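The values are calculated or read from the model by the stated rules, or taken from the named source; none is laboratory data. Predicted model only: the values in this text are computed from it and were never measured. Cβ sites come from the backbone with ideal geometry, for glycine too, and all protein chains shown count toward neighbours. For the accessible areas, the whole protein counts, side chains as well, though only heavy atoms, and no ligand, DNA or RNA atoms are used. Shrake-Rupley method; radii C 1.70, N 1.55, O 1.52, S 1.80 Å.
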Amino acid sequence: MKEPTTYRDAGVNIEEADRAVSQIRRVAAKTFTRNVLTSIGSFGAGFHLKGWRDPVLVSSADGVGTKLKIAFATGRHDSIGEDLVNHCVNDIAVQGATPLFFLDYFAVGKLDANVCSQVVAGIARGCRSNRCALIGGETAEMPGLYATGEYDLAGFIVGAVERKRLLTGADIRPGDLLLGLPSNGLHTNGYSLARKLLENTELSPSLADELLKIHKSYLAPLHALHEAKLLKGAAHITGGGLTGNIPRVLPRTCAVEIDPDSWPSQPIFELLQRLGNVPEGDFRRTFNLGIGMVLIVAESKIGTASQILKKLREPFSLIGHVIRSKAKQPRVVYL
(Lines give C-alpha, C1' and ligand atoms only; values in the text may rest on other atoms or scores of the structure.)
Protein backbone atom coordinates (compact mmCIF):
# COMPACT_ATOMS: atom_id res chain seq x y z
CA MET A 1 0.00 0.00 0.00
CA LYS A 2 1.37 3.41 -0.96
CA GLU A 3 2.32 5.93 1.71
CA PRO A 4 -0.12 8.88 1.82
CA THR A 5 1.00 12.00 -0.03
CA THR A 6 0.41 15.23 1.88
CA TYR A 7 0.31 18.87 0.79
CA ARG A 8 3.59 19.28 2.66
CA ASP A 9 5.13 16.56 0.47
CA ALA A 10 4.18 18.73 -2.51
CA GLY A 11 6.09 21.65 -0.98
CA VAL A 12 3.33 23.60 0.78
CA ASN A 13 3.61 23.92 4.56
CA ILE A 14 0.20 24.88 5.95
CA GLU A 15 1.53 25.14 9.51
CA GLU A 16 4.19 27.65 8.42
CA ALA A 17 1.50 29.60 6.55
CA ASP A 18 -0.66 29.67 9.68
CA ARG A 19 2.29 30.99 11.66
CA ALA A 20 2.89 33.72 9.07
CA VAL A 21 -0.78 34.75 9.04
CA SER A 22 -0.80 34.92 12.83
CA GLN A 23 2.15 37.31 12.77
CA ILE A 24 0.57 39.35 9.96
CA ARG A 25 -2.72 39.63 11.87
CA ARG A 26 -0.88 41.05 14.88
CA VAL A 27 1.05 43.79 13.04
CA ALA A 28 -1.82 44.66 10.68
CA ALA A 29 -4.20 45.28 13.59
CA LYS A 30 -1.95 48.13 14.72
CA THR A 31 -2.71 49.98 11.45
CA PHE A 32 -6.50 49.75 11.71
CA THR A 33 -8.62 52.88 11.77
CA ARG A 34 -12.22 53.22 12.97
CA ASN A 35 -13.36 52.65 9.39
CA VAL A 36 -12.02 49.08 9.22
CA LEU A 37 -14.92 46.65 9.69
CA THR A 38 -13.21 43.26 9.37
CA SER A 39 -10.14 41.51 10.71
CA ILE A 40 -7.31 39.82 8.84
CA GLY A 41 -8.48 36.37 7.77
CA SER A 42 -11.91 37.34 6.45
CA PHE A 43 -12.73 36.35 2.88
CA GLY A 44 -13.00 40.04 2.02
CA ALA A 45 -11.90 43.20 3.79
CA GLY A 46 -14.54 45.74 4.77
CA PHE A 47 -13.96 49.48 5.00
CA HIS A 48 -16.62 52.08 5.87
CA LEU A 49 -16.32 55.13 3.62
CA LYS A 50 -17.56 57.64 6.19
CA GLY A 51 -17.10 61.41 6.34
CA TRP A 52 -16.99 62.11 2.59
CA ARG A 53 -19.54 64.16 0.61
CA ASP A 54 -18.78 63.35 -3.03
CA PRO A 55 -15.74 61.06 -2.95
CA VAL A 56 -13.73 59.78 -5.87
CA LEU A 57 -11.86 56.56 -5.11
CA VAL A 58 -8.29 56.57 -6.41
CA SER A 59 -6.46 53.24 -6.59
CA SER A 60 -3.05 51.98 -7.62
CA ALA A 61 -1.05 48.77 -7.72
CA ASP A 62 2.72 48.44 -7.84
CA GLY A 63 5.77 46.46 -6.84
CA VAL A 64 9.35 47.23 -5.89
CA GLY A 65 11.00 45.65 -8.92
CA THR A 66 14.43 44.10 -8.74
CA LYS A 67 15.30 46.05 -5.61
CA LEU A 68 14.16 42.74 -4.13
CA LYS A 69 17.44 41.25 -5.39
CA ILE A 70 19.32 43.52 -2.97
CA ALA A 71 17.13 42.33 -0.12
CA PHE A 72 17.82 38.70 -1.08
CA ALA A 73 21.58 39.28 -1.37
CA THR A 74 21.83 41.02 2.00
CA GLY A 75 19.19 39.08 3.93
CA ARG A 76 17.60 42.40 4.87
CA HIS A 77 13.82 42.28 4.45
CA ASP A 78 12.62 44.81 7.01
CA SER A 79 12.41 47.92 4.78
CA ILE A 80 11.24 46.58 1.42
CA GLY A 81 7.60 46.64 2.54
CA GLU A 82 7.84 50.29 3.53
CA ASP A 83 9.23 51.03 0.04
CA LEU A 84 6.13 49.42 -1.42
CA VAL A 85 3.64 51.39 0.67
CA ASN A 86 5.33 54.76 0.12
CA HIS A 87 5.51 54.18 -3.63
CA CYS A 88 1.80 53.42 -3.80
CA VAL A 89 0.90 56.32 -1.49
CA ASN A 90 2.80 58.78 -3.69
CA ASP A 91 1.04 57.50 -6.81
CA ILE A 92 -2.42 58.39 -5.50
CA ALA A 93 -1.35 61.48 -3.53
CA VAL A 94 -0.36 63.27 -6.75
CA GLN A 95 -4.06 63.19 -7.62
CA GLY A 96 -4.99 64.75 -4.29
CA ALA A 97 -6.10 61.49 -2.67
CA THR A 98 -5.85 60.56 1.00
CA PRO A 99 -4.77 56.92 1.53
CA LEU A 100 -7.52 54.78 3.07
CA PHE A 101 -6.41 51.16 2.98
CA PHE A 102 -3.73 48.86 1.60
CA LEU A 103 -3.47 45.20 0.59
CA ASP A 104 -0.33 43.22 -0.14
CA TYR A 105 0.62 40.16 -2.18
CA PHE A 106 3.57 38.08 -0.97
CA ALA A 107 4.45 35.06 -3.13
CA VAL A 108 7.26 32.59 -2.45
CA GLY A 109 8.41 29.11 -3.43
CA LYS A 110 9.02 27.94 0.14
CA LEU A 111 7.51 30.02 2.92
CA ASP A 112 9.67 31.24 5.79
CA ALA A 113 7.35 32.88 8.32
CA ASN A 114 10.22 34.94 9.78
CA VAL A 115 11.10 36.50 6.42
CA CYS A 116 7.42 37.07 5.68
CA SER A 117 6.91 38.78 9.03
CA GLN A 118 9.88 41.10 8.40
CA VAL A 119 8.41 42.15 5.05
CA VAL A 120 4.94 42.68 6.47
CA ALA A 121 6.32 44.58 9.46
CA GLY A 122 7.77 47.06 6.95
CA ILE A 123 4.42 47.27 5.18
CA ALA A 124 2.66 47.94 8.48
CA ARG A 125 5.22 50.60 9.42
CA GLY A 126 4.64 52.33 6.09
CA CYS A 127 0.88 52.15 6.55
CA ARG A 128 1.04 53.63 10.04
CA SER A 129 3.28 56.53 8.95
CA ASN A 130 0.86 57.33 6.11
CA ARG A 131 -2.26 56.77 8.26
CA CYS A 132 -3.38 53.97 5.99
CA ALA A 133 -4.92 50.69 7.20
CA LEU A 134 -3.42 47.33 6.17
CA ILE A 135 -6.68 45.41 5.88
CA GLY A 136 -5.81 42.31 3.88
CA GLY A 137 -3.71 40.58 1.27
CA GLU A 138 -2.47 37.23 0.06
CA THR A 139 0.43 35.05 1.14
CA ALA A 140 1.04 32.43 -1.54
CA GLU A 141 3.42 29.46 -1.30
CA MET A 142 4.05 28.10 -4.80
CA PRO A 143 6.78 25.43 -4.96
CA GLY A 144 8.92 25.45 -8.08
CA LEU A 145 7.85 28.91 -9.23
CA TYR A 146 10.46 30.98 -7.36
CA ALA A 147 14.15 30.38 -6.71
CA THR A 148 15.16 29.33 -3.22
CA GLY A 149 15.26 32.29 -0.86
CA GLU A 150 13.41 34.61 -3.26
CA TYR A 151 9.89 36.01 -3.30
CA ASP A 152 7.73 38.54 -5.11
CA LEU A 153 5.92 41.44 -3.51
CA ALA A 154 3.14 43.73 -4.74
CA GLY A 155 0.84 46.25 -3.14
CA PHE A 156 -2.62 47.63 -3.80
CA ILE A 157 -3.84 50.93 -2.37
CA VAL A 158 -7.18 52.73 -2.31
CA GLY A 159 -7.58 56.38 -1.38
CA ALA A 160 -10.25 59.04 -1.72
CA VAL A 161 -10.55 62.68 -2.67
CA GLU A 162 -13.56 64.95 -2.93
CA ARG A 163 -14.49 65.14 -6.60
CA LYS A 164 -14.07 68.92 -6.78
CA ARG A 165 -10.58 68.55 -5.27
CA LEU A 166 -9.31 65.88 -7.69
CA LEU A 167 -5.91 67.01 -8.96
CA THR A 168 -5.71 66.54 -12.74
CA GLY A 169 -3.19 69.11 -13.99
CA ALA A 170 -5.84 70.74 -16.19
CA ASP A 171 -5.10 74.18 -14.69
CA ILE A 172 -1.38 74.09 -15.52
CA ARG A 173 -0.35 77.02 -17.72
CA PRO A 174 2.86 78.32 -19.36
CA GLY A 175 4.86 80.26 -16.77
CA ASP A 176 4.06 77.93 -13.87
CA LEU A 177 7.09 76.79 -11.89
CA LEU A 178 8.41 73.34 -11.06
CA LEU A 179 9.61 72.55 -7.54
CA GLY A 180 11.66 69.38 -7.16
CA LEU A 181 11.65 67.49 -3.87
CA PRO A 182 14.77 65.37 -3.32
CA SER A 183 14.69 61.61 -3.57
CA ASN A 184 16.28 59.24 -1.10
CA GLY A 185 18.49 57.60 -3.69
CA LEU A 186 17.17 55.17 -6.30
CA HIS A 187 13.82 54.67 -4.52
CA THR A 188 12.33 51.61 -6.27
CA ASN A 189 13.23 52.16 -9.93
CA GLY A 190 16.19 51.50 -12.18
CA TYR A 191 17.59 48.61 -10.15
CA SER A 192 18.00 46.30 -13.14
CA LEU A 193 20.36 48.80 -14.79
CA ALA A 194 21.98 49.69 -11.45
CA ARG A 195 22.72 46.02 -10.71
CA LYS A 196 24.16 45.60 -14.21
CA LEU A 197 26.47 48.57 -13.67
CA LEU A 198 27.44 47.34 -10.19
CA GLU A 199 27.94 43.67 -11.10
CA ASN A 200 31.73 43.89 -10.64
CA THR A 201 31.50 46.03 -7.51
CA GLU A 202 31.52 44.47 -4.04
CA LEU A 203 28.20 44.84 -2.26
CA SER A 204 29.74 46.39 0.85
CA PRO A 205 27.60 47.28 3.89
CA SER A 206 27.71 50.97 2.95
CA LEU A 207 26.67 50.26 -0.66
CA ALA A 208 23.90 47.96 0.58
CA ASP A 209 22.70 50.75 2.90
CA GLU A 210 22.59 53.12 -0.06
CA LEU A 211 20.72 50.71 -2.32
CA LEU A 212 18.19 49.84 0.40
CA LYS A 213 17.36 53.42 1.38
CA ILE A 214 13.61 53.67 1.80
CA HIS A 215 11.51 55.18 -0.96
CA LYS A 216 10.30 58.48 0.50
CA SER A 217 6.66 59.33 1.09
CA TYR A 218 5.73 62.83 -0.06
CA LEU A 219 2.21 62.72 1.36
CA ALA A 220 2.72 65.55 3.88
CA PRO A 221 4.02 68.23 1.46
CA LEU A 222 1.56 67.22 -1.24
CA HIS A 223 -1.42 67.50 1.09
CA ALA A 224 -0.19 70.72 2.67
CA LEU A 225 0.14 72.50 -0.69
CA HIS A 226 -3.11 71.02 -2.00
CA GLU A 227 -5.05 72.07 1.11
CA ALA A 228 -3.64 75.58 0.65
CA LYS A 229 -4.96 75.51 -2.95
CA LEU A 230 -1.47 76.08 -4.33
CA LEU A 231 -0.84 72.83 -6.18
CA LYS A 232 -1.70 72.71 -9.89
CA GLY A 233 -0.13 69.34 -10.56
CA ALA A 234 2.38 66.83 -9.24
CA ALA A 235 4.44 64.04 -10.75
CA HIS A 236 5.87 61.07 -8.85
CA ILE A 237 9.27 60.42 -10.44
CA THR A 238 9.45 56.65 -10.80
CA GLY A 239 10.19 54.47 -13.84
CA GLY A 240 10.74 56.80 -16.78
CA GLY A 241 12.46 59.46 -14.67
CA LEU A 242 11.70 63.15 -15.11
CA THR A 243 11.50 62.64 -18.86
CA GLY A 244 8.67 60.13 -18.72
CA ASN A 245 6.67 61.17 -15.69
CA ILE A 246 6.24 64.94 -15.85
CA PRO A 247 4.40 64.84 -19.22
CA ARG A 248 1.77 62.56 -17.64
CA VAL A 249 0.30 65.52 -15.71
CA LEU A 250 0.66 68.25 -18.34
CA PRO A 251 -2.10 69.60 -20.61
CA ARG A 252 -1.62 68.65 -24.26
CA THR A 253 -0.39 72.12 -25.23
CA CYS A 254 2.27 72.39 -22.51
CA ALA A 255 5.85 71.22 -22.05
CA VAL A 256 8.49 71.96 -19.41
CA GLU A 257 12.03 73.25 -19.50
CA ILE A 258 14.31 71.82 -16.80
CA ASP A 259 17.78 72.87 -15.70
CA PRO A 260 19.57 69.63 -14.68
CA ASP A 261 22.14 71.65 -12.72
CA SER A 262 19.51 73.28 -10.49
CA TRP A 263 19.49 70.62 -7.76
CA PRO A 264 22.26 68.87 -5.79
CA SER A 265 23.64 65.68 -7.30
CA GLN A 266 23.70 62.47 -5.27
CA PRO A 267 26.75 60.20 -4.99
CA ILE A 268 24.91 57.03 -6.03
CA PHE A 269 24.00 58.49 -9.43
CA GLU A 270 27.51 59.86 -9.90
CA LEU A 271 28.87 56.37 -9.16
CA LEU A 272 26.53 54.69 -11.64
CA GLN A 273 27.42 57.23 -14.31
CA ARG A 274 31.15 56.59 -13.77
CA LEU A 275 30.75 52.82 -13.90
CA GLY A 276 28.92 52.66 -17.20
CA ASN A 277 28.80 54.35 -20.55
CA VAL A 278 25.04 54.87 -20.36
CA PRO A 279 23.61 57.27 -22.96
CA GLU A 280 22.36 60.45 -21.30
CA GLY A 281 18.83 59.93 -22.57
CA ASP A 282 18.67 56.41 -21.12
CA PHE A 283 20.10 57.60 -17.82
CA ARG A 284 17.44 60.29 -17.54
CA ARG A 285 14.65 57.87 -18.48
CA THR A 286 15.79 55.22 -16.01
CA PHE A 287 16.68 57.02 -12.77
CA ASN A 288 15.09 59.83 -10.76
CA LEU A 289 18.56 61.50 -10.59
CA GLY A 290 17.87 62.96 -7.16
CA ILE A 291 14.32 64.28 -7.65
CA GLY A 292 11.55 62.07 -6.27
CA MET A 293 8.57 64.39 -6.67
CA VAL A 294 7.83 67.41 -8.86
CA LEU A 295 5.27 70.00 -7.76
CA ILE A 296 3.81 72.54 -10.19
CA VAL A 297 2.65 75.90 -8.79
CA ALA A 298 1.83 79.31 -10.23
CA GLU A 299 4.74 81.76 -10.26
CA SER A 300 2.70 84.19 -8.13
CA LYS A 301 2.28 81.53 -5.42
CA ILE A 302 5.90 80.42 -5.19
CA GLY A 303 6.59 82.45 -2.04
CA THR A 304 3.70 80.92 -0.10
CA ALA A 305 4.52 77.42 -1.35
CA SER A 306 8.14 77.87 -0.29
CA GLN A 307 7.08 78.93 3.21
CA ILE A 308 4.90 75.85 3.62
CA LEU A 309 7.67 73.50 2.49
CA LYS A 310 10.19 75.18 4.78
CA LYS A 311 7.79 74.87 7.71
CA LEU A 312 7.55 71.13 6.96
CA ARG A 313 11.36 71.01 6.74
CA GLU A 314 11.01 69.63 3.24
CA PRO A 315 13.97 70.72 1.08
CA PHE A 316 13.23 71.67 -2.51
CA SER A 317 14.81 73.14 -5.63
CA LEU A 318 13.35 75.35 -8.33
CA ILE A 319 14.13 73.08 -11.29
CA GLY A 320 12.22 74.53 -14.23
CA HIS A 321 9.07 76.05 -15.65
CA VAL A 322 6.16 75.29 -17.94
CA ILE A 323 6.25 76.45 -21.56
CA ARG A 324 3.82 76.26 -24.44
CA SER A 325 4.37 73.24 -26.67
CA LYS A 326 4.26 74.05 -30.37
CA ALA A 327 4.26 70.31 -31.01
CA LYS A 328 1.07 70.10 -28.94
CA GLN A 329 2.59 67.15 -27.14
CA PRO A 330 3.70 67.21 -23.47
CA ARG A 331 7.46 66.73 -23.15
CA VAL A 332 10.53 67.63 -21.10
CA VAL A 333 13.22 69.89 -22.55
CA TYR A 334 16.59 69.97 -20.78
CA LEU A 335 18.42 73.29 -20.81
Quiz item: Could you name the lysines in cross-link range of residue 69, using Cα to Cα under 16 Å and dropping any fewer than eight places away on the same chain?
Solution: 196, 213
Practice problem: Quick one: among 114, 288, 90, which has the greatest mean-square fluctuation in a GNM of the chain with alpha-carbon springs under 10 angstrom? | Solution: 114
Exercise. Any aspartates and glutamates with Cα under 17 Å of the residue 50 Cα? List them, leaving off those in the same chain fewer than 8 positions away.
Key: 162
Exercise. Have a look at 293, 325, 198 and report the one farthest towards the positive end of the charge dipole of the range 180-335, computed about the Cα centre with Cβ charges (Lys/Arg +1, Asp/Glu -1).
Key: 325
Self-check item: Solvent-accessible area per residue, Å², over the chain with all protein chains present [probe radius 1.4 Å]
Solution: 49 Å²
Quiz item: Using the beta-carbon distance between residue 324 and residue 273 and R0 = 30 Å, what value does 1/(1 + (r/R0)^6) give for FRET efficiency, to the nearest 0.05?
Solution: 0.40
Exercise. Could you check which residue among 123, 70, 308 shows the biggest mean-square fluctuation in a GNM of the chain with a 10 Å Cα cutoff?
Key: 308
Quiz item: How would you classify the range 222-286 from its alpha-carbon gyration tensor, with a ≥ b ≥ c the square roots of the eigenvalues: rounded for a/c under 1.5, else prolate if a/b is greater than b/c, otherwise oblate?
Solution: prolate
Quiz item: Semi-axes, largest first, in whole Å: what does sqrt of 5 times each Cα gyration tensor eigenvalue give for the chain?
Solution: 37, 26, 16
Quiz prompt | Full-stretch length increase - residue 61, residue 105 - with 0.36 nm per residue and alpha-carbon distance subtracted | solution = 14.8 nm
Self-check item: Kyte-Doolittle mean at least 0.5, axial Cα span of 18 Å or more - DSSP H helices of the chain
Solution: 113-129
Quiz prompt | Dmax and Rg, reported as Rg then Dmax, of the range 42-182 (C-alpha, Å) | solution = 17.4, 56
Practice problem: List the aspartates and glutamates whose Cα lies under 14 Å from the Cα of residue 164, skipping any in the same chain that are fewer than 8 positions away. | Solution: 54, 227
Self-check item: Mean Cβ count within 10 Å, highest first, over the residues of peptides 191-203, 155-167
Solution: 155-167, 191-203
Self-check item: Accessible area of the range 86-143 belonging to carbon and sulfur atoms, whole % at 1.4 Å probe
Solution: 49 percent
Quiz item: How many nm is it between the label spots at residue 150 and residue 202, if each spot is 7 Å from the Cα in line with the beta carbon?
Solution: 2.6 nm
Quiz item: How much of the accessible area of the range 281-327, in percent, comes from carbon and sulfur atoms when a 1.4 Å probe is used?
Solution: 49 percent
Quiz item: Ignoring ligands, DNA and RNA, what percent of the accessible area of the range 214-259 is carbon or sulfur (1.4 Å)?
Solution: 49 percent
